[in-house]
Amino acid sequence: MSNYLVTGGTSGVGRASAKALVASGHHVIVVGRNQQRGEQVAQELGIPFFSADLSTGAGVDAVLDYVVTSFDKLDGLLNNAGMFPRKRRVTSEGVELTFATNVLSYFRLTKGLLPLLRKAKQPRIVDVASSMIGDYEFSDLQFESRKWNSISAYKQSKQCNRMLAWAWARKLQHVTINAVHPGMVATNIQNNQGFPLRQVMRVWWKLKGISAEEGAITPVWALTNESLANTTGKMFARQKERSRPHDHMEKCDELWDYCEGLDASSRECYQEL
Ligand SMILES: NC(=O)c1ccc[n+]([C@@H]2O[C@H](COP(=O)([O-])OP(=O)(O)OC[C@H]3O[C@@H](n4cnc5c(N)ncnc54)[C@H](OP(=O)(O)O)[C@@H]3O)[C@@H](O)[C@H]2O)c1
């Protein structure tokens, strides 16, 4: 029996992934913000829910505290929490919200949980990325000079997920890290959008999308399948390895350094690499 942390476990891909892990007999903690949905998941699956806003260092630190007191080792981290805001907003730390939630939270949790992951026999990190990538601009990752739009900010954040997974994979010994695309999944992610994008996405997903349970298949497979125990730095979709665009080593490292700079406020005790 293994221990897993699933971020964004109150809805969609994360919730279905947590359910699949619990069905296989594993211990799972889910993290999200929505108290009501979190309590429902906790009740339904018989697992702990921890409420935290992962877009800030304080929220991530609260999760780290909770996890280190709940588990003596961590076998897997599913970095899955993600959002698609309608308007440009910045967090209380002054970081653009899409980047803070979709990218920096993955970085902070990965870094902060390394000591606990290292205590497991074959620890794995899986970053839920996307096939929707692009509009990456290192000189303006937070859209301070460029005009912000929700699709560009989201695509960039999902490209960053891959790039950081490649950067981490080169740095980490013993802990593997891979990125996955879950498929086009009918979830709540478009709910922050206004008309007409929200309606268009809903209809499109109804026609073409897969269920959250189907969307969870590749993330859970990447976290648990025995054949992938030593596989790191890969991109998967539909349980198959995909090519790795944007894996230019120096660019990935540059992004890693940028996140490390933003994470300077995090507590030292979690900063061992
Ligand atoms: N749906 C797709 O077609 C698709 C395709 C490719 C990739 N993805 C990726 O899959 C992941 C899951 O998305 P989904 O489609 O399942 O969307 P979803 O149903 O909206 O779920 C998103 C989850 O992230 C959590 N979350 C968002 N912001 C958070 C924050 N600041 N702090 C803590 N938790 C936060 C939400 O929890 P609360 O609401 O409780 O805060 C929710 O549990 C995302 O990374 C997304 O980019 C989705």
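Quick note: the coordinates plus some simple rules give every number you see, no bench work behind them. If you're wondering where the values come from, they're calculated on a predicted model, not measured in any experiment. Backbone-built Cβ (ideal geometry, glycine too); neighbour counts: all protein chains shown.
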Checklist entry - Principal axis lengths of the range 122-256 from Cα atoms, whole Å, largest first? => result 46, 38, 21
Checklist entry - Can you list the residues of the range 135-156 with backbone N under 16 Å from a point 7 Å past the Cα of Trp204, pointing along Cα to Cβ? => result 135, 149-156
Item to check | Whole-number percent relative contact order across the chain, with pairs defined as alpha carbons under 8 Å at least 6 apart | outcome: 20 percent
Checklist entry - Given the range 1-101, what percent of its DSSP beta bridges are antiparallel, to the nearest 5? => result 10 percent
Item to check | Label-point separation in nm, Ser145 to Asn230, each point 7 Å along Cα→Cβ | outcome: 4.5 nm
Checklist outcome for this item: Lys and Arg at +1, Asp and Glu at -1: neighbours of Gly8 with Cβ under 11 Å from its Cβ sum to +3
Item to check | With at most 14 other Cβ atoms within 10 Å, longest stretch of the chain clear of loop GluC sites (Glu not before Pro) (DSSP) | outcome: 145-271
Checklist entry - Gain in length, Asn191 to Lys73, computed as 0.36 nm per residue apart minus the alpha-carbon separation, to one decimal in nm? => result 39.0 nm
Checklist entry - Expressed in nm to one decimal, what extension gain is obtained for the pair Arg89 and Met1 from 0.36 nm per residue of sequence separation less their Cα-Cα distance? => result 27.6 nm
Next on the checklist: Between Gln122 and Arg242, what's the calculated FRET efficiency when r is the beta-carbon distance and R0 is 22 Å? Round to 0.05.
Outcome noted: 0.45
Checklist entry - Among Met235, Met83, Met163, which comes first, second and so on when ranked by fewest other beta-carbon atoms within 10 Å? => result Met83, Met235, Met163
Checklist entry - P(r) of the range 3-270 in 10 Å steps, Cα pairs, percent per bin? => result 7, 32, 40, 19, 2
Checklist entry - Where Lys and Arg each count +1 and Asp and Glu each count -1, what net charge lies around Asn34 among other residues with Cβ under 15 Å from its Cβ? => result 0
Checklist outcome for this item: Of all DSSP beta bridges having both residues in the range 3-270, the percent classed as antiparallel (nearest 5) is 15 percent
Next on the checklist: Only Cα pairs within less than 10 Å get springs; with that Gaussian network setup on the chain, which residue of Ala100, Ala18, Ala229 has the largest fluctuation?
Outcome noted: Ala229
Checklist entry - Rounded to the nearest 500 deg cm²/dmol, what is the calculated helix-only ellipticity per residue at 222 nm for the chain, with -39500 (n - 2.57) per DSSP H run of length n ≥ 4? => result -12500 deg cm²/dmol
